[in-house]
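The structure appears below as C-alpha cells.
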Amino acid sequence: MTENLKATIRLEQYKNGYTKSELKIYDYIVGHTDLVIYHSLTELAEACEVGEATVLRFFRKIGYKGFQEFKFSLAKEVDEEDEEENEESYVFKVKRNMVNAIENSYHVIEKDELEKAIGILDRAKHIVAFGVGASSIATLDMQNRLLRIGKNIEVFGDPHSQVMRTASMDSETAVVAISITGSTKDTVDSIAAAKQKGASVVAITNYSKSPLTKHADCILKSAAKENPLDSGSLTSKVSQLFVIDLICTGLTIKNFKMAEETKLDISENISDKLY
C-alpha cells in the first residue's frame, strides 16, 4: 500500500512530474538526507531557493500532509539504517547526547541576544511563557526559577488559554515562546496574536529561521537537533533548560538585592515543610 512506502521511494515515484522548482527540492533532499530531518520548513525553503508554499505543495504532491509528516517518514528510514551500524551502549549514548546538547548550546548562544532578552524581561510589567507539549515542561521550570527571585510569571501550555491570555496583553507584556522546531502551529498562532497586541517576544528555539522567529523581537538558540522520532526527548529539554538558566541567572544579577531577599523568604517558608 502507498502509505507504507518509504519516503525515498515516494520521491522517486513522482520524479517525472516535478516542475523546475520541485526538482530543486528533490535534488536537495537526495543530497542532504541527514540534514533534512533537522530542518525547519523555512530553512528547507531557503536551502532550495524556493518559497515555503512551493515546499508544502511538493510534499502534498507526493502524498504527505506536509513537511512534518515527510520528515517523520524519512527519519524512520534513516533510523533503520543507523541501527545496523550502531553498537554503542545506550547509557553512553544518553550521556554523550546530554553533554553535546549543553556544549553545543553554549557555542550557539549570542551574548548580545541574551542581554537583549534579559533586558526585555527585566523591564516588562507582565511576563508570560508559552510552550506546547514537551516544551511546556521547560516553561514550568522557568516559572519555578523566576518566582524564586521575585519575578512573577504566568505559564500557559494549553493553546486555547494562550490565545485568551493574549487578549489582555499590551506593550508592557513580554512573552517567552519555547519551541524546539519553531514550527509548532499553536505556539506560532498565539505569538502572532500577542504581537498584534504590542507584546515583546523572546523565542527559545533551535532554528533562527522558522515561522516562530518571524514574530520574535529576540531569538535565543539552543542546539539539541531533534530527530522527528525523538520529539520531546530529554536531550532537547536539557538544551532548553540551559538557555533558561542563562536568562534567570542574568535576571538574578540585575536584581541581586531583591533576588536575595526573595530567596531568603522562600527558604524560611519552605523550611517549615521539611522534617
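Does A7 qualify as being under 26 Å from the mean Cα position of the chain (by Cα) and either of a type in the set (F, W, Y) or buried (at least 18 other Cβ atoms within 10 Å of the Cβ) (or both)?
Yes.
Residue by residue through segment 24-83, note down the ones that are of a type in the set (D, E, K, R), assigned to a loop (DSSP other than H, G, I, E, B) and more than 16 Å from R10 (Cβ to Cβ). Before the answer, list the steps.
As a first pass, look at segment 24-83 and keep what is of a type in the set (D, E, K, R): 24, 27, 34, 43, 46, 49, 52, 57, 60-61, 65, 69, 71, 76-77, 79-83.
With the extra rule that they be assigned to a loop (DSSP other than H, G, I, E, B), the set shrinks to 49, 65.
Matches in segment 24-83: E49 only.
When S190 is evaluated against the numbered criteria (1) open to solvent by less than 10 Å² (accessible area, probe 1.4 Å); (2) over 14 Å from the mean Cα position of the chain (by Cα); (3) more than 12 Å from V128 (Cα to Cα), which criterion, by number, is the only one it fails?
That leaves (3) as the condition not met.
Please count how many residues of segment 218-236 are basic (K, R) and either in contact with a Ser or Thr (Cβ under 6 Å, 6 or more places away or on another chain) or at pLDDT 85 or above (or both).
Taking segment 218-236 first, the residues basic (K, R) are 221, 225.
Going one step further and asking which of them are either in contact with a Ser or Thr (Cβ under 6 Å, 6 or more places away or on another chain) or at pLDDT 85 or above (or both), we end up with 221.
Summing the residues that are basic (K, R) and either in contact with a Ser or Thr (Cβ under 6 Å, 6 or more places away or on another chain) or at pLDDT 85 or above (or both) in segment 218-236 gives 1.
Output the qualifying pairs, or none if there are none: Cβ atoms under 9 angstrom, residues six or more apart or on different chains, first residue in segment 246-275 and modelled with pLDDT under 75, second residue assigned to a helix (DSSP H, G or I) and loosely packed, with under 10 Cβ neighbours inside 10 Å.
That search, which allows pairs on different chains as well, returns nothing.
If you go through segment 120-144 one residue at a time, how many are open to solvent by 70 Å² or more (accessible area, probe 1.4 Å), charged (D, E, K, R) and assigned to a helix (DSSP H, G or I)?
Residues in segment 120-144 being open to solvent by 70 Å² or more (accessible area, probe 1.4 Å), charged (D, E, K, R) and assigned to a helix (DSSP H, G or I): 1 in total.
The values are calculated or read from the model by the stated rules, or taken from the named source; none is laboratory data. Everything numeric here is computed off the predicted structure, so don't read it as measured data. Every residue, glycine among them, receives a Cβ derived from its backbone with ideal geometry; neighbour counts consider all protein chains shown. Heavy atoms of the whole protein, side chains included, go into the accessibility calculation; ligands, DNA and RNA do not. Shrake-Rupley method; radii C 1.70, N 1.55, O 1.52, S 1.80 Å.
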